[in-house]
Amino acid sequence: MKLSEELLNNLIEITSNSAIACYPYIGKNEKILADKAATDVMRHQLNKLNINGKVVIGEGELDEAPMLYIGEILGNGNGPEIDIAVDPVEGTNFVAKNLPGSMSVLAVAEKGNLLNAPETYMDKIATGNHIPKGSLDIDFTVEKNINIYSEITKKNNSEITVCILKRPRHEEIISELKRLNVNIKFITDGDVSGALLVSDKKFNVDIFMGIGGGPEGVIAAAALNTLNCNFQGRFLFKSTEDKSRANKMGIKDFNKKYEINEIIKGESIFCATGITSGDLMNGVIKKNDKYVTETIITHNKSELKLIKKVASLT
């Protein structure tokens, strides 16, 4: 395989240490300092790897230090050419307020196989791998998607759970879900982790839907692709400036509906380490001078794995 086991282990170490870097800021209402701490560690450790990497999903535009910006070159240049998606702290508010579900995230793919996503919104829908691909669609009504899911799974509406960001923009969707007697799992941030909840029945989430960040949508798709799950999204542009930025990234059709195999192709790795404990994994725990971290690592079609790793921040 082109993406080596050594790289896989390196990514676990990087997200673990990025998560650990946030530990002093948990519950301290210092989300900017937490994000900077994780970003500094992630950048430093990625630059030591035997890769020729380019950030295609980042936290900011060119030269927006300390962010890992889109287009930034990482690694020592001596290894494979890879695309990198980063979110050093997904859920900065969760870290600041010591709320569940924050994590440090990396995804990598071979060069040219990860969609460049502009800093804009995306309409999304995701389901697990027990649903045939293409069954649900963001252009269908909420009722049609629920009816299709119910027919496929033989579940009553009252047995179906939809995960959605609790935002005013989702009021119509939420009202419709309530009318249909569907269970709702609200999240306040962190729609990468929200989308990942469809990946395993133990999380008791059937469908993820709604409008969230475009870069987060690409990262979620990268994770769900390795688990053979379903994801579909469409970028939403508010201004000509948004469209101009997207055009520079190679996006020509501003109304295009992206299937998961158009967002992420070929061999890929997704890696996320918990900062604060949530549905997906435990957060950072300090034991004497050691830190215990829990990481989700997926590689192409492998099943979801929880790997517990003891790590020391250096």
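Tabulated values for the structure
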{"read-out": "Residues of segment 120-130 that turn out to be in contact with a Ser or Thr (Cβ under 9 Å, 6 or more places away or on another chain) and of a type in the set (Phe, Trp, Tyr), as a count", "value": "0"}
{"read-out": "Output for segment 131-153, where each listed residue is within 22 Å of Leu227 (Cα to Cα) and either modelled with pLDDT under 95 or crowded, with 19+ Cβ neighbours inside 10 Å (or both)", "value": "Ile131, Lys133, Gly134, Leu136, Asn145, Tyr149"}
{"read-out": "Residue in segment 209-228 that is more than 19 Å from the chain's Cα centre (by Cα), over 22 Å from Gly101 (Cβ atoms) and modelled with pLDDT under 90 present", "value": "no"}
{"read-out": "Residues that are at pLDDT below 95 and in contact with a helix residue (DSSP H, G or I) (Cβ under 7 Å, 6 or more places away or on another chain), drawn from segment 275-300", "value": "Gly278, Asp279, Leu280, Lys286, Tyr291, Thr293, Thr295, Ile297, Thr298, His299, Asn300"}
{"read-out": "Phe140 being aromatic (Phe, Trp, Tyr) and under 23 Å from Phe270 (Cα atoms)", "value": "no"}
{"read-out": "Condition met for Gly91 (over 19 Å from Leu8 (Cβ atoms) and of a type outside the set (Ser, Thr, Tyr))", "value": "yes"}
{"read-out": "Which numbered condition Asn47 fails, given (1) surrounded by 16 or more Cβ atoms within 10 Å (Cβ to Cβ); (2) over 24 Å from Ile260 (Cβ atoms); (3) at pLDDT 95 or above", "value": "(1)"}
{"read-out": "Among the residues listed as Ser4, Ser18, the single one being under 23 Å from Ser268 (Cα atoms), small (Gly, Ala, Ser) and surrounded by 24 or more Cβ atoms within 10 Å (Cβ to Cβ)", "value": "Ser18"}
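Residue-by-condition table, conditions (1) assigned by TED's automatic domain parsing to the domain that holds Gly283; (2) more than 19 Å from the chain's Cα centre (by Cα); (3) surrounded by fewer than 23 Cβ atoms within 10 Å (Cβ to Cβ):
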residue	(1), (2), (3)
Tyr69	yes, no, yes
Gly77	yes, yes, yes
Asp87	yes, no, no
Asn98	yes, yes, yes
Glu110	yes, no, yes
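So that you can scan it fast, the table gives a plain yes or no per residue for (1) assigned by TED's automatic domain parsing to the domain that holds Tyr149; (2) out of contact with any helix residue (DSSP H, G or I) (no Cβ under 6 Å at 6 or more places or on another chain); (3) of a type outside the set (A, V, I, L, M, F, W, C):
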residue	(1), (2), (3)
Phe186	yes, yes, no
Asp189	yes, no, yes
Gly194	yes, yes, yes
Ser199	yes, yes, yes
Asn247	yes, yes, yes
Thr273	no, no, yes
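The values are calculated or read from the model by the stated rules, or taken from the named source; none is laboratory data. Note that this is a predicted model, so its numbers are computed, not measured. Virtual Cβ from ideal backbone geometry, glycine too; neighbours counted across all protein chains shown.
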